[in-house]
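Note sheet for the following structure.
The values are calculated or read from the model by the stated rules, or taken from the named source; none is laboratory data. What you see is a predicted model, and the numbers here were worked out from it, not measured in a lab. Glycine gets a Cβ as well: all are built from the backbone with ideal geometry, and neighbour counts include every protein chain shown. Protein only, heavy atoms only, side chains kept; ligands, DNA and RNA dropped before computing areas. Shrake-Rupley method; radii C 1.70, N 1.55, O 1.52, S 1.80 Å.
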Amino acid sequence: MEKEAMQLTDHLAELRKRIIITLLIFILALIGSLIFVGDLYNYLVRDLDAKLALLGPGEILWVYMVIATVFAVAFTIPVAAFQVWKFIKPALSIEEQRATLMSIPGLFILFILGISFGYFVLFPLVLSFLLDIAGDQFQTFFTAEKYFQFMLHLTLPFGFLFEMPAVVMFLTRLGIVNPEKLIKGRKFAYFLLVAISVLITPPDLISDVLVIIPLFILYEISISLSKVVYKKRVSAEASVA
C-alpha cells in the first residue's frame, strides 16, 4: 500500500509538472500575442467597409484578449500534446512512443487548417448570407464584441473538429479505438457531426452542406488512417510474440 501511495504521489507530481509547463508556455504565447494584437486586429477587420463600434471602454480590451487568446491556444496545442506524451511515455513501448510522438505536428497543422477553413470559407459565406437577409430594411451596425463573438463561434470549433484524424490515430496506436469500432459507430458519428453543423451555421442548406461535407470527409479519413495504424500495430505485436 505504501509503495502504491508513493507511485500515485509521483504520478501526481509529474502531472502537475506537465500542467505547469503548458500553462507557462500559454502565458508566454499570450504575452507575445498581446504585443502584436493591434496588427492581428487590423488584419481580421481588413475587409470591413466601416470601423467597428464600441459600446463601452472595456470592450476593446475584451476583443484584444480574445484575439490574443486564440493565437496563444494555437501555439500551445503542440506543447500541450508533447507534455501529454511525456506523461504517458513510461507506459508505452518504444514503438508506441515513436508513433504517438509523430502525431503531435499533425495536431498543430490540423488545428490551423480548421481555423483557416472557418475563417476563410465559412465566416465570409455566413456573414454575406446574413447581410443579404438584412438587405435594405435594416441599418447595419457592428460592435466589436458582437462581431468577434460571431467570428469566434464560426472558426474556433473547426480548429478542434479538424483534429479528428490525429486524435483517432493517437487513440488507435494506444489500442483505445480501432477501425471496427469507428465503422460501427459511423451512423452515430454522422448524426453528431450533422447536429454540430446545424448548431453553428445559419438555417440555410448551403451553409450546412459546406460544413457537413468536410466533417464527413474528415471522419472517413480518420477511419482510413486508423486502419493503417491498426495493421501496423497488429503486425508489431505479432512479430514480438
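Summary value for region 23-93: 53 percent relative contact order, contacts being C-alpha pairs under 8 angstrom separated by 6+ residues. Surface composition of region 41-181: carbon and sulfur atoms hold 69% of the protein heavy-atom accessible area at a 1.4 Å probe. What label, among [x] 28; [y] 39; [z] 47, belongs to percent of Cα pairs over 28 Å apart computed from the structure on display? Recomputing percent of Cα pairs over 28 Å apart here picks out [z].
Taking the Cα centre of the chain as reference, the dipole from Cβ charges on Lys and Arg (+1) and Asp and Glu (-1) amounts to some 960 debye.
Amide H contacts of Thr143: Ala53, each under 5 Å away and 5 or more positions distant or on a separate chain (H built 1.01 Å from N in the peptide plane; Pro and chain starts excluded).
Taking a label point 7 Å from the Cα of His153 along the Cα→Cβ vector, which residues of region 184-200 have an amide N closer than 12 Å to it? What the label zone holds, given the 12 Å backbone N cut-off, is 199-200. In the chain, helical runs assigned H by DSSP with n ≥ 4 each contribute -39500 (n - 2.57); averaged across all residues and rounded to the nearest 500, the mean residue ellipticity at 222 nm is -26500 deg cm²/dmol.
Note on the chain: with a GNM built from Cα contacts shorter than 10 Å, the maximum mean-square fluctuation among Ala134, Ala195, Ala81 falls on Ala134. Calculate, for Val234 and Arg186, the FRET efficiency according to 1/(1 + (r/R0)^6) with r their C-beta to C-beta distance and R0 25 Å; round to the nearest 0.05. With a Förster radius of 25 Å, E is 0.70. Separation of region 182-241 and region 29-56 by C-alpha centroid, Å? Taking the Cα centre of each part, region 182-241 and region 29-56 sit 35 Å apart. Lys/Arg Cβ at +1, Asp/Glu Cβ at -1, dipole of the chain taken about the Cα centre: which of Ile31, Ser103, Thr140 is farthest positive-ward? Toward the positive end, the furthest listed residue is Ser103. Extension gain for Glu95-Ile60 works out to 7.7 nm (0.36 nm per residue, less the C-alpha to C-alpha distance).
The residues of region 54-203 expose, per residue, 55 Å² of accessible area to a 1.4 Å probe. Taking every alpha-carbon pair under 8 Å whose residues sit at least 6 apart, region 141-241 reaches a relative contact order of 41 percent. In straight-distance terms, cross-link reach from Lys51 covers every one of the aspartates and glutamates whose alpha-carbon lies under 19 Å from its own, apart from those fewer than eight places away in the same chain; here that gives Asp39, Glu59, Glu145. The heavy atoms of Lys227 offer some 90 square angstrom of accessible surface to a 1.4 angstrom probe.
How high is the relative contact order of the chain, in percent, with contacts defined as C-alpha pairs under 8 Å that are six or more residues apart?
20
Largest to smallest in accessible area, the residues Trp62, Trp85 fall in the order Trp62, Trp85 (1.4 Å probe, all protein chains included). The heavy atoms of Lys17 present about 100 square angstrom of accessible area, all protein chains included, probe 1.4 Å.
For the chain, the membrane-span-like helices by this rule, meaning whole DSSP H stretches whose C-alpha atoms cover at least 24 Å of axis and whose Kyte-Doolittle mean is 0.0 or above, are 2-35, 59-88, 144-161, 205-240; this says nothing about an actual membrane.
Note on Ala13/Met102: beta-carbon distance plugged into 1/(1 + (r/R0)^6) with R0 of 22 Å gives a FRET efficiency of 0.20.
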